[in-house]
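Since the structure comes first, as structure tokens, the remarks are kept for the end.
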Amino acid sequence: MQTQRLFLASSCELLEDRREFEIFINRKNKEWVQRGVFIELVIWEDFLDAVSRTRLQDEYNREIRRCDLFVMLFWTKVGHYTAAEFATAFGQFQATSRPFIFTYFKDAPISTGSANQQDLMSLWAFQKKLDQLGHFYTRYQTLDALKLHFNGQLDKLAANGFITFAPDRGAPAHTSYQATLNGSGAIAQGGGTAVGAGGVAIGGQNTGRINTGTQVETGGGAYIGGEVTTGGDFIGRDQQVQGLPGRDLEPLFAALLAVIARQASADTQTAALQQVQVLKAEIAKGQAADDSRLGRLLDGLVALVPGAVGAVVALFATPILQGIAGPVTRFVLDKLKTA
């Protein structure tokens, strides 16, 4: 059983929302426990409200650093301790790529007569801080909208590999095939087909020499024991990119740079171009690129130039960069697509 720890932070004004969120997580667990995943919800109601050697907030912060997911709800104010919890989660994410952080702002009517000016100022200051960090919060008007959105985020995390389900016990065992190709021609094995006249589709593990004038595509991972000669591309489903020359990256970034030139303001253009250079340098590392750093760079770049979302998404849709994007980068890209 894989356990995903989720810390829920909010002010006391959202007690009803917290209760509904806890019920939602319990229902999600009924679905996911059967697939080998359990979400452990960590909430301050579970801590003993007693004097201890360390402040109770220190215990909260320690739990946040152990979590995989961090959800923050806010409405008319952001208290000192709630802000500290966000800062702890954000610092931990920068250091370790965990926890994934989700912030939700309740967009509901309030009484202007009873609204506290200091509370509202704390809210606006926090929203401004999120903008400066390049972190996007989500607005929700109803509890159903909150649960629907976060349910979709959990499913995306699973789809991107951040959360992995146990294999289906009823699934048939994998059968391994191996074939040796000598001379010209093609081999069909294990239900797959190899066509030697054009592309060569390899469904299992093959050794020997394969010569083709166009393309070699593998339906699984590719293992090369000898020599493969191709006049086009060699593409595996689990593509491994070890490093990328700068000259290969320049044409990929052309569209993004053009968007920045057109849409970035005079105040942000220099910063955006510097962000692109840092992004390019990280991508040039290939498979050694820091996935969490790539995600932060993309978030920050779009915060500087919101109109660059399409160009950023298109950039990572190219086959070369698809092989570099890890779960953090893919999650950020999915978030940008739906923003």
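The values are calculated or read from the model by the stated rules, or taken from the named source; none is laboratory data. Everything numeric in this text was worked out from a predicted model, so none of it was measured. Cβ sites come from the backbone with ideal geometry, for glycine too, and all protein chains shown count toward neighbours.
Restricting LEU301, LEU279, LEU297, LEU256 to residues that are in contact with an Asp or Glu (Cβ under 8 Å, 6 or more places away or on another chain) and either in a helix (DSSP H, G or I) or at pLDDT below 80 (or both) narrows the list to LEU297. Considering THR207, THR214, the condition of being β-branched (Val, Ile, Thr), at pLDDT below 75 and either in contact with a strand residue (DSSP E or B) (Cβ under 6 Å, 6 or more places away or on another chain) or outside any loop (DSSP other than H, G, I, E, B) (or both) is satisfied by THR207 alone. Applying the criterion of being touching a residue at least 60 places away in the same chain (Cβ under 8 Å) and in contact with a helix residue (DSSP H, G or I) (Cβ under 9 Å, 6 or more places away or on another chain) to the residues of the range 305-321, the residue that is surrounded by the most Cβ atoms within 10 Å (Cβ to Cβ) is LEU315. The C-beta contact set for the range 13-40 (first residue part of a helix (DSSP H, G or I), second residue among the polar types (S, T, N, Q), distance under 8 angstrom, 6+ apart or interchain) comprises GLU13/THR76; ASP17/SER10; ARG18/SER10; PHE24/ASN151; LYS28/ASN151.
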